[in-house]
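Student: Right, I'll just put the structure down here and ask away after.
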Amino acid sequence: MKSTFFTFLSFFLFIACKKEIKPASRNWQIISENVKFKDDVNTLQLKSGKFDYALPTSKLPFKKVILLNASLVGYFTELGLEGNIIGISSPEYVYSKKVHQLIEEGKMQTVGNEQKYDMEKIIALKPDVIFTNYIASFENTYDLIKKNGIEIIFINEYLEQNPLEKSKYLLIFGKLLNNEKKAVTKIEEIQKSYDSLKTLANTAANKPIVLANEMYGNQWFLPGGKSNLAQFISDANGKYINADNSETKAIPMSFEEVFVKAQKAQYWVNVGNHQNRNELLQINPNYTKLPVYNNGEMYTITGRTNGKSNDYFESGVVRADLVLKDYIKIFHPELLPNYQLTYLSELK
């Protein structure tokens, strides 16, 4: 009996000890393979791609922010944090009416464009932080910003191919700007909506074949089979013509190569920002050879545009559920009879 008792006791203690051993990454909030963060002693640890940050909690939350990329604006509008933005570059590419209102009121400053930033103004504004996509050619500018004691954090949300992981970047901004509860609520709502829509799409009896993008010059950059767009098409219960490809990036192809793959395509989506089909032909008259051009349905991403701005690349970055809803409405209109497209628009 004693032997049995001690054997059982030893096993119990072994299991208990094993439970106390926590992996180093246990406390990390995982956004994707590229991004994660966690609270540490007196710091917030943030890993964003190849960049590591140890942000002193004494400097958080950030209150004065400069954005150097329009694609990041969507996260701020979704959280109602536009008022924290004191400077922004290339506002002509920003769709948000609230942002333009703040600029008009003088509460938000323009700090240059993607060609050249106004460093004097950036330094004079004394931001708590600058958020931007990382562009290697701007390394000297980044160094100058850092030398002036300004925190700069690189957020490359465009690299994410999973739509919901891109949406989850809300958690980063919620954490850094003291709006974490709202960020969590928003993500849960988007996730629930997305999953529900995906389930609905799978009830459709058919699975239409889909072509995407258009030609630039002599090449058709067809999104890879593991790309963000390919994921949307799949989740909307469509059959993407390049689904068997294993790349996340766009694959340059000739018109002839795409022509062969697109013979049975019924839908053509993300056809740029053209106003009509004739305009498209001015770029490449060979499009008339495509069966989908003559007999299928075509959709641009011009549902919400204003000048150079396009909300598909702004709030659409965050609201993966609404983007998916658009594709479902296109491929399976009978499933969403009362829904009107948000980001996409039919090309007549």
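The values are calculated or read from the model by the stated rules, or taken from the named source; none is laboratory data. Worth saying up front: this structure is predicted, and the values here are computed from it rather than measured. Using ideal geometry, Cβ is built from the backbone for each residue, glycine included, and neighbour counts are taken over all protein chains shown.
Student: Taking the stated definitions as given, is Ile251 surrounded by 17 or more Cβ atoms within 10 Å (Cβ to Cβ), without any contact (Cβ under 8 Å) to a residue 40 or more places away in the chain, among the β-branched types (Val, Ile, Thr) and not in a loop (DSSP other than H, G, I, E, B)?
Tutor: Against the criterion (surrounded by 17 or more Cβ atoms within 10 Å (Cβ to Cβ), without any contact (Cβ under 8 Å) to a residue 40 or more places away in the chain, among the β-branched types (Val, Ile, Thr) and not in a loop (DSSP other than H, G, I, E, B)), Ile251 qualifies.
Student: Which of the residues that make up the range 108-144 are polar (S, T, N, Q) and either in contact with a helix residue (DSSP H, G or I) (Cβ under 9 Å, 6 or more places away or on another chain) or buried (at least 17 other Cβ atoms within 10 Å of the Cβ) (or both)?
Tutor: Gln109, Thr110, Asn113, Thr132, Asn133, Thr141
Student: Return the residues of the range 142-155 that are in a helix (DSSP H, G or I) and over 25 Å from the mean Cα position of the chain (by Cα); say none if nothing qualifies.
Tutor: Asp143, Leu144, Ile145, Lys146, Lys147
Student: When only residues in the range 262-273 that are modelled with pLDDT of 95 or more and surrounded by fewer than 16 Cβ atoms within 10 Å (Cβ to Cβ) count, which is farthest from Thr288 (Cα to Cα)?
Tutor: Here the answer is Lys264.
Student: Any residue in the range 126-140 that is closer than 7 Å to Val65 by Cβ sitting within a Cβ distance under 8 Å of a residue that is assigned to a loop (DSSP other than H, G, I, E, B) and at pLDDT below 95? List the pairs, counting only those 6 or more apart or interchain.
Tutor: Pairs that qualify, where the first residue is closer than 7 Å to Val65 by Cβ and the partner is assigned to a loop (DSSP other than H, G, I, E, B) and at pLDDT below 95, are Phe131/Asn69.
Student: What number of residues within the range 48-62 satisfy the criterion of being touching a strand residue (DSSP E or B) at 6+ places or on another chain (Cβ under 7 Å) and farther than 13 Å from Lys36 by Cα?
Tutor: Total satisfying the criteria: 5.
Student: Same structure again: Give me the pairs: first residue in the range 44-55 and at negative phi and touching a residue at least 24 places away in the same chain (Cβ under 8 Å), second residue assigned to a loop (DSSP other than H, G, I, E, B) and of a type in the set (A, V, I, L, M), beta-carbon distance under 7 Å, and six or more apart or on different chains, which are they?
Tutor: Leu44/Leu60; Ser48/Ile155
Student: For the range 141-158: of the residues being charged (D, E, K, R) and free of Cβ contacts under 8 Å to residues at least 12 places away in the same chain, which is farthest from Ser58 (Cα to Cα)?
Tutor: Taking the candidates together, the pick is Asp143.
Student: Which one of these does Asn148 not meet: (1) closer than 30 Å to Gly112 by Cα; (2) surrounded by 14 or more Cβ atoms within 10 Å (Cβ to Cβ)?
Tutor: (2)
Student: Please verify whether Ile209 is more than 18 Å from Lys36 (Cβ to Cβ), of a type in the set (Val, Ile, Thr), in contact (Cβ under 8 Å) with a residue 24 or more places away in the chain and touching a Leu at 6+ places or on another chain (Cβ under 8 Å), treating the condition exactly as stated.
Tutor: Answer is no for this residue.
Student: Of the residues Tyr194, Tyr158, only one is farther than 21 Å from Leu81 by Cβ, under 18 Å from the mean Cα position of the chain (by Cα) and not assigned by TED's automatic domain parsing to the domain that holds Leu324; which?
Tutor: Selected residue: Tyr194, the only one of Tyr194, Tyr158 that is farther than 21 Å from Leu81 by Cβ, under 18 Å from the mean Cα position of the chain (by Cα) and not assigned by TED's automatic domain parsing to the domain that holds Leu324.
Student: Where in the range 18-130 are there strands (runs of 3 or more DSSP E), lying wholly inside it, with at least 1 residues that are basic (Lys, Arg)?
Tutor: Passing ranges, in order: 35-40, 43-48.
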